[in-house]
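The values are calculated or read from the model by the stated rules, or taken from the named source; none is laboratory data. Owing to the predicted nature of the structure, the values given are computational and were not obtained by experimental measurement. Note that we place each Cβ from the backbone using ideal geometry, even for glycine, and neighbour counts take in every protein chain shown. Accessible surface is based on the protein model in full, side chains and every heavy atom, while ligands, DNA and RNA are left aside. Shrake-Rupley method; radii C 1.70, N 1.55, O 1.52, S 1.80 Å.
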Amino acid sequence: MATFDLELVSPERLLLSRPVEMAVIPAVEGDMGVLPNHAPMIVALKGGLIRVTEGGRETERLFIMGGFAEITPTRVTVLADEATPVASLSKAMAAQRVAEAEIALAAAANDAPELREKATDRLMAARAMQDAAQAA
């Protein structure tokens, strides 16, 4: 089966760089499957799972807190704000992130709309992390 190069980069390090058959990424508009020869685009990502398919089966699941992806016919580069293998997610850590995001959203109640939206996005990402940790 045809492949494309998938790179997942977080501020700390390069987490993944190899040929894959398919990747599903959490685009802001909804989960997006990427196959070789995909149309070029740049998409914003929300908190959620990146699922990697190799050899006809899902081989890796990584949680990202958001970011961007650049897609070309031969490569996908994900620039993640934060990325963690799903197996490494802790339910306690995810619950803590949700609590912190809820406090931040409450504190932003009287802020400008774009600041409230950013706080809401962080809460949604933290809840997605919590869901992924529960399912791990």
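Under 5 Å between amide hydrogens, built in the peptide plane, is the criterion, and for Arg18 it picks out Leu6 among residues at least 5 positions away or on other chains. What is the distance, in nm, between label points placed 7 Å from the Cα along the Cα-to-Cβ direction at Arg127 and at Leu14? Going from the Arg127 label point to the Leu14 one covers 3.7 nm. With the whole protein complex present, Leu14 retains an accessible surface near 100 Å², based on a 1.4 Å probe.
For segment 1-82, the share of DSSP beta bridges that are antiparallel, to the nearest 5, is 85%. Note on Ser90 and Asp5: the model spin-label points, each 7 Å out from Cα along the C-beta direction, lie 3.6 nm apart. Loop-located trypsin sites (Lys or Arg not before Pro) in segment 56-112 (DSSP state not H, G, I, E or B) with no more than 13 neighbouring Cβ atoms inside 10 Å do not occur. For segment 4-86, the square roots of the Cα gyration tensor eigenvalues, ordered a ≥ b ≥ c, give a/c below 1.5, which places it in the rounded category. Only protein atoms count toward the accessible area here, which uses a 1.4 Å probe; on segment 4-86, the carbon and sulfur part of that area reaches 54 percent.
Our helix-only sum for the chain, with -39,500 (n - 2.57) per DSSP H run of n ≥ 4 divided by its residues, gives a mean residue ellipticity at 222 nm of -10000 deg cm²/dmol.
Here segment 90-124 and segment 33-60 have alpha carbon centers that stand 27 Å from each other. Rolling a 1.4 Å probe across all protein chains gives Glu29 an accessible area of roughly 150 Å². Place a point 7 Å from Cα of Lys118 in the direction of its Cβ. Which residues in segment 45-76 have their backbone N less than 18 Å from it? Within reach of a label on Lys118: 45-47, 65-68.
The 1.4 Å probe gives accessible areas that order Val24, Val9, largest first, as Val9, Val24. Each residue of segment 94-105 is assigned a 3J(HN,Hα), and the resulting list reads 5, 5, 4, 5, 5, 4, 4, 5, 5, 5, 5, 5 Hz, derived from the Karplus form 6.51 cos²θ - 1.76 cosθ + 1.60 (θ = phi - 60°), x at Gly and Pro.
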